[in-house]
């Protein structure tokens, strides 16, 4: 479960979920701050966002991910990710990066769902625990 979940930020690091071999289920989806951003019925650049594995991604070479919690019984892995400098667009983004907690639903050797809560924070802000 952890290996499968960590392939997700690995894909963001190299700009491809196909190259990082994320095993998405055919009906896999991603919600970001409550909005369906990828998977069937997505709202972000349809139809290109419907296939999570093949969707266009930015290359975020500075992304750092760490495991926060794992619930083996429920099939859930929670990661904390700092997307690194330059991950936020716009004139007010200098010195900030995108950070997120993302929960991954993993079972049967596949990733079925991703739920993310994202916000901008000052770059290099410590996570708060080791």
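Looking only at segment 96-123, which residues are more than 22 Å from residue 25 (Cα to Cα) and exposed (fewer than 12 other Cβ atoms within 10 Å of the Cβ)? Show your work before the answer.
First, pick out the residues of segment 96-123 that are more than 22 Å from residue 25 (Cα to Cα): 96-100, 118-123.
Within segment 96-123, 119, 122 qualify.
Taking residue 22, is it part of a loop (DSSP other than H, G, I, E, B), surrounded by 15 or more Cβ atoms within 10 Å (Cβ to Cβ), in contact with a strand residue (DSSP E or B) (Cβ under 9 Å, 6 or more places away or on another chain) and at pLDDT 90 or above?
So residue 22 fits the description; yes.
Restricting to segment 85-130, give me the number of residues that are farther than 16 Å from residue 70 by Cα, in contact with a strand residue (DSSP E or B) (Cβ under 9 Å, 6 or more places away or on another chain) and outside any loop (DSSP other than H, G, I, E, B).
14
Of everything in segment 68-84, what is surrounded by 13 or more Cβ atoms within 10 Å (Cβ to Cβ) and either modelled with pLDDT under 95 or in a strand (DSSP E or B) (or both)? Give them in sequence order.
Of the residues in segment 68-84, the ones surrounded by 13 or more Cβ atoms within 10 Å (Cβ to Cβ) are 68, 70, 75-84.
Hits for segment 68-84 are 68, 70, 76, 77, 78, 79, 80, 81, 82, 83, 84.
List the residue pairs whose Cβ atoms are under 9 Å apart, where the first residue sits in segment 30-59 and is on the phi < 0 side of the Ramachandran plot and modelled with pLDDT under 90, the second is loosely packed, with under 13 Cβ neighbours inside 10 Å and in a strand (DSSP E or B), and the two are 6 or more positions apart or on different chains.
Listed pairs, sorted by first residue: 43/35; 44/35.
Scanning for something in a strand (DSSP E or B) and either within 20 Å of residue 119 (Cα to Cα) or touching a helix residue (DSSP H, G or I) at 6+ places or on another chain (Cβ under 9 Å) (or both), does segment 44-64 turn up at least one residue? I'd like the intermediate steps shown before the answer.
Looking only at segment 44-64, we keep the residues that are in a strand (DSSP E or B), and these are 64.
From what's left, either within 20 Å of residue 119 (Cα to Cα) or touching a helix residue (DSSP H, G or I) at 6+ places or on another chain (Cβ under 9 Å) (or both): 64.
Yes, segment 44-64 contains at least one residue that is in a strand (DSSP E or B) and either within 20 Å of residue 119 (Cα to Cα) or touching a helix residue (DSSP H, G or I) at 6+ places or on another chain (Cβ under 9 Å) (or both).
The values are calculated or read from the model by the stated rules, or taken from the named source; none is laboratory data. Computed from a predicted model, the values in this text were never measured in an experiment. Glycine also receives a Cβ, built like all others from the backbone with ideal geometry; neighbour counts cover every protein chain displayed.
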